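**Q** Could you have a look at this structure, given as structure tokens, before my questions?
The values are calculated or read from the model by the stated rules, or taken from the named source; none is laboratory data. For clarity, every value in this text was computed on a predicted model and none was experimentally measured. FYI the Cβ positions are ideal-geometry reconstructions off the backbone, even for glycines, and counts take in every protein chain you see.
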Amino acid sequence: MSLPADLQRAEAPPARRIDWLFWIGVSIVSVVVFLALFAPYVVPYDPTLAAHRPSMPPPALSDWPGLWWGRLTGAIEAPPHWFGTDANGFDLFSRVISAPRVDLTIALVANALSLFLGVLLGLVAGYFRNLLTEGMMRVSDVLQSFPVFISAMILVALAGRSTTNIVIALALLYTPIYIRLTRAEVMTQRVRGYVEAARALGNRESVIALRHVLPNSLAPALIQSSVTIGFAILLTAGLSFVGAGVRPPAPEWGLMISTGANQIILGEWWPSVFPGIAISLTVFGFAVLGNALERRYES
Amino acid sequence: MVARYIFRRILVGTVQILSLVIAVFFLIRLLPADPVSRFVGLNSSAEAYAQAERNLGLDRPLLTQLGHYLGVLPSEGPGLLQGSLGTSWVTGTPVLTEIGQALPITIELLTFAFAVALLISVPVGMLAALRPGGAADRGVFAYSLFAGSQPEFWWGLLFVYVFFFVLGWAPAPLGVLSPLTSPPPPVTGFITLDSLIAGRPDTLFEVLHHYMLPVATMVFILSGPIIKMVRQNMVRALGSDFVLYARCAGLPKGQVARYALRAAMAPSVTLIGILYGFMLGGAVLIESVFSLGGLGQYAIRSVLAFDYPAIQGVILVITAISLLVYLALDLIHAVIDPRVAYG
């Protein structure tokens with residue numbers, strides 16, 4: 001049967017679009033990872049040292065090439081404040097590029113924890129279906145129906161504003177997603193022929209679940225990771241923005257935006273704008289990467 | 001049939017809310033926060049500390065506190081069963097009164113934002129679905145991916161800078177009314193409706209003017225997922241057998257599109273409702289940027305002040321409204337799509 005041409009195209013998205021978006025995502029994520037690893041060695045100033053004239057605007061864009069050339073040739077001794085300074089006298093450029101170490105670490109560790117916990121519980125819930133695992137799914141449903149941001153705020157504020165507590169709170173809130181994804185995949189895998197074959201060979205059920213079903217059920221959760229990391233960065237920044245996240249003077253994007261928020265109605269745009277661009281690009285990069293991986297997996 | 005369905009859903013919902021409230025009650029008391037020292041200060045004497053602890057009722061066993069909150073101990077005064085959410089530890093006002101003032105603002109914000117977002121997203125999503133893989137579709141795809149992953153509080157600030165500071169089109173981000181305007185006498189609590197009832201079109205205009213930027217920020221964030229969803233459902237509907245049949249029967253293109261739209265709207269309505277419930281708690285950051293004084297800002301204040309009754313109240317109200325919205329949506333869904341049966 002032949003369908004109208006546009007309907008057929010709806011089933012298979014064009015491959016080219018996936019590729020360039022995928023590479024945009026990869027480059028953004030690589031830059032962020034690089035900064036998370038090496039920012040302390042490339043920052044011009046200490047990001048937690050308020051030792052500069054406060055509220056200095058960044059140099060005009062037209063001056064940038066000259067300043068750059070001056071730095072390269074050694075004509076300018078002190079590194080310029082590329083992004084200006086904030087109301088406390090911090091160098092914004094150093095802070096913006098130091099933030100991935102805080103934001104990305106929180107997001108990566110939280111995601112790894114919830115991925116581990118969620119996949120394990122999802123495997124158990126999908127492979128061994130009984131009253132206990134069904135009860136666990138109901139608990140997971142209740143957890144998932146919590147308003148995410150407010151729950152995160154409650155957990156972090158009441159447990160104490162520390163990096164560890166942010167990580168634990170995010171991990172708790174993201175685990176149900178992985179439970180659900182893995183459970184659904186395990187349920188389609190456990191009726192496959194290879195499971196029956198493994199059972200016929202006399203393998204124990206726990207061995208079949210861990211050695212054979214688990215590796216085949218990982219893909220949806222791994223793909224979701226990229227999206228979750230992005231959202232975890234957003235949530236971390238949001239928490240700091242309302243004062244329930246990391247403590248100042250830690251270089252963190254949400255905290256920097258919040259410091260600049262009081263100045264922006266007075267026209268000082270730079271303390272908020274630069275960290276915002278950084279979050280915006282980073283989260284977009286992770287979202288694009290996740291989307292591209294998802295399409296690749298499906299095709 | 002329908003009445004029995006609604007009754008059963010409300011019954012199940014009540015049990016869900018009750019278990020959630022109890023869970024939250026224990027959760028916030030298990031966390032190592034010390035609200036007492038928050039109220040009396042860190043260097044207070046032991047007597048002052050004990051006195052404050054007694055005033056907040058935190059010296060009693062947990063189960064007694066829970067019984068008091070739920071209202072099952074008649075000697076302790078009214079609780080949840082009598083329709084009381086307790087009194088705020090910070091202000092001393094009943095939590096129900098405070099939420100009653102904050103909630104209408106959040107609902108107004110969300111309703112305006114959803115109305116505008118739908119007006120924009122539905123045609124755009126349909127346009128993208130008509131030619132999957134075309135230029136419009138690719139642009140829409142990139143936009144929805146971008147807008148769906150943005151820090152909304154930063155965009156709010158950016159809008160404030162551009163439209164308030166640079167252009168001067170928007171009012172300062174300081175609430176829903178300028179401080180010089182007296183608010184209309186409260187009848188419904190919704191300030192737009194109240195100014196209409198009071199016959200003050202200028203106040204109504206001023207409120208809408210203040211809502212302009214927060215609504216724009218939220219529309220920007222919301223339209224991403226909504227467009228994506230409308231597009232997906234429309235593509236699916238256009239590819240279904242009944243549309244193929246309608247085409248084969250030689251019906252005009254516009255009529256076929258109308259059929260497909262109706263089929264595409266049904267699942268969209270459900271997802272939009274879920275998004276609405278989600279945004280009740282997700283509007284926190286936008287409310288905070290524009291100091292709107294809605295439920296989200298009330299949540300921030302309560303959490304940062306360790307105001308337990310207020311925190312419990314916020315969670316309770318948000319969950320209850322979400323569940324009611326879901327119920328309403330399932331009913332609407334059945335009206336739009338006759339294939340759905342009450343199970």
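**Q** Of (1) buried (at least 16 other Cβ atoms within 10 Å of the Cβ); (2) in contact (Cβ under 8 Å) with a residue 24 or more places away in the chain; (3) within 13 Å of chain B (Cβ to nearest Cβ), A:Asp141 satisfies all except one. Which?
**A** Result: A:Asp141 fails condition (1) only.
**Q** Let me ask something else. Evaluate segment B:221-243: report whether one residue or more is modelled with pLDDT of 90 or more and within 14 Å of chain A (Cβ to nearest Cβ).
**A** No.
**Q** Something else about it: Collect the residues in segment A:282-299 that are more than 7 Å from chain B (Cβ to nearest Cβ), part of a helix (DSSP H, G or I) and polar (S, T, N, Q), keeping them in residue-number order.
**A** The first filter runs over segment A:282-299 and keeps only residues more than 7 Å from chain B (Cβ to nearest Cβ), leaving A:282, A:285-286, A:289-290, A:292-299.
Restricting the remaining residues to those that are part of a helix (DSSP H, G or I) gives A:282, A:285-286, A:289-290, A:292-298.
Selection gives A:Thr282 alone.
**Q** Residues of segment B:92-117 being surrounded by fewer than 18 Cβ atoms within 10 Å (Cβ to Cβ), over 14 Å from B:Ile227 (Cα atoms) and of a type in the set (Gly, Ala, Ser), which ones?
**A** B:Gly92, B:Gly100
**Q** Let me ask something else. Let me confirm something: among A:Val227, A:Val242, A:Val191, which residue is in contact with a Leu (Cβ under 8 Å, 6 or more places away or on another chain) and among the β-branched types (Val, Ile, Thr)?
**A** Details: A:Val227 fails: in contact with a Leu (Cβ under 8 Å, 6 or more places away or on another chain); A:Val191 fails: in contact with a Leu (Cβ under 8 Å, 6 or more places away or on another chain).
The conditions single out A:Val242.
**Q** Test A:Ile279 against the criterion of being surrounded by fewer than 18 Cβ atoms within 10 Å (Cβ to Cβ), facing chain B (nearest Cβ under 8 Å) and over 24 Å from A:Gly160 (Cα atoms), and give yes or no. Write out each step before concluding.
**A** Details: surrounded by fewer than 18 Cβ atoms within 10 Å (Cβ to Cβ): no; facing chain B (nearest Cβ under 8 Å): yes; over 24 Å from A:Gly160 (Cα atoms): yes.
Judged against the criteria, A:Ile279 is not a match.
**Q** Kindly indicate whether any position in segment A:289-296 is on the phi < 0 side of the Ramachandran plot, surrounded by 24 or more Cβ atoms within 10 Å (Cβ to Cβ) and not acidic (Asp, Glu). Quick ask: steps written out before the conclusion?
**A** The initial filter retains those residues of segment A:289-296 that are on the phi < 0 side of the Ramachandran plot, namely A:289-296.
Retained after the next criterion (residues that are surrounded by 24 or more Cβ atoms within 10 Å (Cβ to Cβ)): A:289.
The next check asks that each one be not acidic (Asp, Glu); those that pass are A:289.
Looking for residues that are on the phi < 0 side of the Ramachandran plot, surrounded by 24 or more Cβ atoms within 10 Å (Cβ to Cβ) and not acidic (Asp, Glu), one finds at least one in segment A:289-296, hence yes.
**Q** Then there's this: Give segment B:37-61 a look and list any residue that's surrounded by 14 or more Cβ atoms within 10 Å (Cβ to Cβ) and among the polar types (S, T, N, Q), or say none.
**A** B:Ser37, B:Ser44, B:Gln51
**Q** Still on this structure, I have one more. Would you be able to say whether some residue in segment B:118-133 is crowded, with 23+ Cβ neighbours inside 10 Å, closer than 13 Å to B:Phe220 by Cα and either free of Cβ contacts under 8 Å to residues at least 40 places away in the same chain or in the same structural domain as B:Val235 (by TED's automatic domain parsing) (or both)? Before the answer, list the steps.
**A** Step one: list which residues in segment B:118-133 are crowded, with 23+ Cβ neighbours inside 10 Å, which gives B:121, B:125, B:128-129, B:132.
Those still in the list that are closer than 13 Å to B:Phe220 by Cα too: B:121.
Right, trim to either free of Cβ contacts under 8 Å to residues at least 40 places away in the same chain or in the same structural domain as B:Val235 (by TED's automatic domain parsing) (or both) and you get B:121.
Looking through segment B:118-133, at least one residue is crowded, with 23+ Cβ neighbours inside 10 Å, closer than 13 Å to B:Phe220 by Cα and either free of Cβ contacts under 8 Å to residues at least 40 places away in the same chain or in the same structural domain as B:Val235 (by TED's automatic domain parsing) (or both).
**Q** Of the conditions (1) more than 10 Å from chain A (Cβ to nearest Cβ); (2) part of a helix (DSSP H, G or I), B:Ser291 satisfies every one except a single condition; which number is it?
**A** That leaves (2) as the condition not met.
**Q** Take the residues in segment B:140-155 that are under 17 Å from A:Gly25 (Cα atoms) and assigned to a loop (DSSP other than H, G, I, E, B); name whichever of them is modelled with the highest pLDDT. Full working, then the answer.
**A** First pass over segment B:140-155, keeping only residues under 17 Å from A:Gly25 (Cα atoms): B:141-150.
Then drop every residue that is not assigned to a loop (DSSP other than H, G, I, E, B), which leaves B:148-150.
On the way: B:Gly148: 83, B:Ser149: 86, B:Gln150: 90.
Among them, the one singled out is B:Gln150.
**Q** Please determine whether any residue of segment B:263-270 is polar (S, T, N, Q), in a helix (DSSP H, G or I) and touching a residue at least 24 places away in the same chain (Cβ under 8 Å).
**A** yes
**Q** Let me ask another. I need the full set of residues from segment A:150-163 which are outside any loop (DSSP other than H, G, I, E, B) and over 13 Å from B:Ile311 (Cα atoms), in order please.
**A** Start the filter on segment A:150-163 by keeping residues that are outside any loop (DSSP other than H, G, I, E, B), which leaves A:150-159, A:163.
Once the filter is applied, which keeps residues that are outside any loop (DSSP other than H, G, I, E, B) and over 13 Å from B:Ile311 (Cα atoms), segment A:150-163 yields A:Val156, A:Ala159, A:Thr163.
**Q** Can you pull out the residues in segment A:233-276 that are part of a helix (DSSP H, G or I), of a type outside the set (A, V, I, L, M) and facing another protein chain (nearest Cβ under 9 Å)? Full working, then the answer.
**A** Initially, segment A:233-276 is screened for residues part of a helix (DSSP H, G or I), giving A:233-242, A:253-264, A:270-276.
When the remaining residues are screened for being of a type outside the set (A, V, I, L, M), the result is A:236, A:238, A:240-241, A:253-254, A:258-260, A:262-263, A:270-272, A:274-276.
Answer for segment A:233-276, where residues must be part of a helix (DSSP H, G or I), of a type outside the set (A, V, I, L, M) and facing another protein chain (nearest Cβ under 9 Å): A:Gly238, A:Phe241, A:Trp253, A:Gly254, A:Ser258, A:Gly260, A:Ser272, A:Pro275, A:Gly276.
**Q** So which helices (runs of 4 or more DSSP H) stay within segment B:1-74 end to end and still have 1 or more residues that are closer than 20 Å to B:Asp307 by Cα and within 14 Å of chain A (Cβ to nearest Cβ)? Walk me through it before giving the result.
**A** Numbers: elements: B:2-30, B:35-40, B:46-56, B:62-70.
The qualifying helices (runs of 4 or more DSSP H) are B:2-30, B:35-40.
**Q** Here's something else I'd like to know. Which of the residues spanning segment B:313-326 are crowded, with 24+ Cβ neighbours inside 10 Å and over 19 Å from B:Leu109 (Cβ atoms)?
**A** Hits for segment B:313-326 are B:Gly313, B:Ile315.
**Q** While we're looking at this one, here's another question. Name the single residue that is surrounded by the fewest Cβ atoms within 10 Å (Cβ to Cβ) among those in segment B:149-168 being more than 7 Å from chain A (Cβ to nearest Cβ) and in contact (Cβ under 8 Å) with a residue 24 or more places away in the chain.
**A** Checked segment B:149-168; the qualifying residue surrounded by the fewest Cβ atoms within 10 Å (Cβ to Cβ) is B:Phe163.
**Q** Would you point out which residue out of B:Pro132, B:Pro104 is in a helix (DSSP H, G or I) and not aliphatic (A, V, I, L, M)?
**A** B:Pro104
**Q** Please work out if B:Leu62 is in contact with a Lys or Arg (Cβ under 7 Å, 6 or more places away or on another chain) and among the hydrophobic types (A, V, I, L, M, F, W, C). Quick ask: steps written out before the conclusion?
**A** Values: in contact with a Lys or Arg (Cβ under 7 Å, 6 or more places away or on another chain): yes; among the hydrophobic types (A, V, I, L, M, F, W, C): yes.
It is true that B:Leu62 is in contact with a Lys or Arg (Cβ under 7 Å, 6 or more places away or on another chain) and among the hydrophobic types (A, V, I, L, M, F, W, C).
Rundown of residues vs (1) over 26 Å from B:Val289 (Cα atoms); (2) outside the structural domain of B:Leu130 (by TED's automatic domain parsing); (3) basic (Lys, Arg); (4) assigned to a loop (DSSP other than H, G, I, E, B), yes/no style:
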position: B:Pro186; (1), (2), (3), (4): no, no, no, yes
position: B:Leu213; (1), (2), (3), (4): no, no, no, no
position: B:Met218; (1), (2), (3), (4): no, no, no, no
position: B:Pro225; (1), (2), (3), (4): no, no, no, no
position: B:Lys228; (1), (2), (3), (4): yes, no, yes, no
position: B:Arg236; (1), (2), (3), (4): yes, no, yes, no
